[in-house]
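Since the structure comes first, as structure tokens, the remarks are kept for the end.
Taken together, the values in this text are just the output of simple stated rules run on the coordinates, not laboratory data. All values derive from a computational prediction rather than experimental measurement. Neighbour counts run over all protein chains shown; Cβ positions are idealised from the backbone, glycine included.
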Amino acid sequence: MDNKYYKDFGSWIREQFPYRVQKISIDAGFSCPNRDGRISSGGCIYCDNRTFNPSYCHRHESISMQLEKGKEFFGRKYPDMKYLAYFQAYTNTYAPLSDLKRMYEEALGVEDVVGIVIGTRPDCVSDELLDYLAELNKRTFVLIEYGIESANDETLLRINRGHNFECCRLAVEKAHNRGLLTGGHIILGLPGEDAEESLRQAPIISSLPLDILKIHQMQIIRGTKLAQEYEAHPFHVYTVEEYIDLIVAYIGKLRKDLVLERFVSQSPPELLIAPKWGLKNYEFTNILNNKLKEVYGDK
Ligand code: SF4
């Protein structure tokens, strides 16, 4: 069912294909320049890539093997399903172009894979790569997804992102100008950002030529720099009620044609320190939709 209050990803993706599609996450063995020393060796303070990978996804296995396992996992329930290869873990454009081409083409060569989704940093996309993706986009579905996280340069510095917001703006524009579907990812509740600051940023994020936006709550994951800070000096993290109020107001400040893919992230409970909401994604969505109805009326 279409959502009345925002353009939801599920409805949008059904319009893109004449069949049901499912993303399969792949860990293609990439590193990240913010972890390997090229930009920094500490990484973003909240980053723990263990939270990226579902159980069927192992970086020592080939891309094709991971996709076959993913297909087996999802195909049991829906035998006619087609798939998008989701290059998700770490920075999935951080390799020479010839290697990237080989990896993306390997994924696209797997039966029933009908497109690719590439998660990356905005400072890791060359013009040559974007030109290649634009060519690829003529024959298959291509979506590039940038980690933006915040529109505030002070925050980006505070969380050790290693790039500023202008870098995000340029990367999004370059992809969009080549006709590529472009997604962005942001986090609400980053250190130093309260609800007022997030709502200040919403129109800025919305002004980027993005097609899709994913929003996550700040999560404190065991073993990260942020977890150390939290343990040394605990700070407030959103309750689910506060977060829902923020999301409702945030949605009200976004363009209506922006596709919203998600609002929460679910890290494995054994890795998550806070916030522990204990809600499944669909439970969160139900509460959110009720709140949207309450605030914006029964459209
Ligand atoms: S850019 Fe991504 S993979 Fe790299 S340190 Fe930050 S969150 Fe982790």
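What the table shows:
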read-out	value
Normalised contact order of the chain, rounded percent, pairs of Cα under 8 Å and 6 or more residues apart	18
Over 18 Å (Cα to Cα) - which of 138/256; 253/293; 23/276; 69/138; 23/138; 7/280 fall in this group	138/256; 23/276; 69/138; 23/138; 7/280
Modelled FRET efficiency - R0 35 Å, residue 60 with residue 286, Cβ distances, 0.05 increments	0.35
Cα gyration tensor shape of the stretch 7-296, rounded if a/c is under 1.5, else prolate or oblate by comparing a/b with b/c	rounded
Charge sum, other residues only, whose C-beta stays under 15 Å from residue 203's C-beta, Lys/Arg counted +1 and Asp/Glu -1	+2
Total formal charge among the other residues, if their Cβ is under 14 angstrom from that of residue 282, Lys/Arg +1 and Asp/Glu -1	0
Distance between modelled label sites at residue 20 and residue 249, nm, 7 Å Cα→Cβ extension	3.9
Between the stretch 126-149 and the stretch 185-246, the alpha-carbon center distance in angstrom	27
